[in-house]
Amino acid sequence: MSEKSRGAAESSRDVLAVWEKTRTLGTQLNGVSERLESLEGLHLPERVEELALTVKKLTEKPKTPQLAVWNWNAMNGQQQAQAWEILLDWTMNTFRVRYQRSFLEMLGYDKGAVSCWHLHPDMVESLTGLMGSWHWAFSDPESGPLRVAEWLDRWLPGAVRQGKFILEKCNLHPEPTNPYAGHKNPLENKKTDPPPDLLQHLHLLKTGELPS
């Protein structure tokens with residue numbers, strides 16, 4: 001074989017080798033493209049973000065549950081019934097059992113076997129607040145000895161003073177037809193409507209007849 005023929009053959013082999021490499025590279029690129037398309041279908045950015053949020057929640061300090069504040073005026077009948085059940089359960093099974101003298105003095109049982117405490121809305125509010133502060137001291141996961149000491153030394157005695165003040169005018173002498181005879185409504189026979197002159201003053205302010 002002449003030098004010329006030999007050179008032509010080698011050139012053909014080089015071209016064939018380049019073609020083979022190109023075909024192999026093309027096949028590999030097709031495979032990469034297919035894998036990329038499958039990865040796009042997995043929505044990886046969204047999944048990574050979701051995973052990051054999950055990890056963040058797991059590492060965050062748990063939030064302390066907030067104790068609800070009761071507004072008796074805003075409750076409907078069913079809500080009031082449920083609230084009364086909760087309040088009575090705490091009053092009779094915790095307050096009466098664990099703090100006996102405070103229970104007797106606050107609710108008026110130190111003066112007799114019968115009490116009209118439940119007929120006084122302000123007493124119900126005071127007892128509700130005492131129950132809420134008790135849970136703040138004894139049920140809150142973040143509570144500690146200082147909260148307990150504060151409840152015992154501050155909130156409990158304060159509620160007892162309030163209760164005695166509220167029931168001060170009541171002197172029950174139960175009767176067969178009236179177990180709460182002697183109960184005193186502080187507003188009974190009292191003219192507590194807004195004074196007419198104050199209402200007139202407000203009217204003049206609203207109409208501009210009187211400078212503010």
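The values are calculated or read from the model by the stated rules, or taken from the named source; none is laboratory data. All values reported here derive from a predicted model rather than from experimental measurement. Cβ coordinates were reconstructed from backbone atoms using ideal geometry, including for glycine residues, and neighbour counts include every protein chain displayed. The accessibility values were calculated without ligands, DNA or RNA, using every heavy atom of the protein model including side chains. Shrake-Rupley method; radii C 1.70, N 1.55, O 1.52, S 1.80 Å.
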Classify segment 80-212 as rounded, prolate or oblate, taking a ≥ b ≥ c as the square roots of the eigenvalues of its Cα gyration tensor: rounded when a/c is under 1.5, otherwise prolate if a/b is larger than b/c and oblate if not. oblate
Accessible-area ranking of K191, K111, K164, largest first, probe 1.4 Å: K191, K111, K164
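Answer rounded, prolate or oblate for segment 79-155, using the Cα gyration tensor with square roots of eigenvalues a ≥ b ≥ c: rounded when a/c is under 1.5, else prolate when a/b is larger than b/c, else oblate.
Cα axes put segment 79-155 in the oblate bin.
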Using the charge dipole of segment 80-212 (Lys, Arg: +1 at Cβ; Asp, Glu: -1 at Cβ; taken about the Cα centre), state which of N93, G182, P121 has its Cα farthest towards the positive end. G182
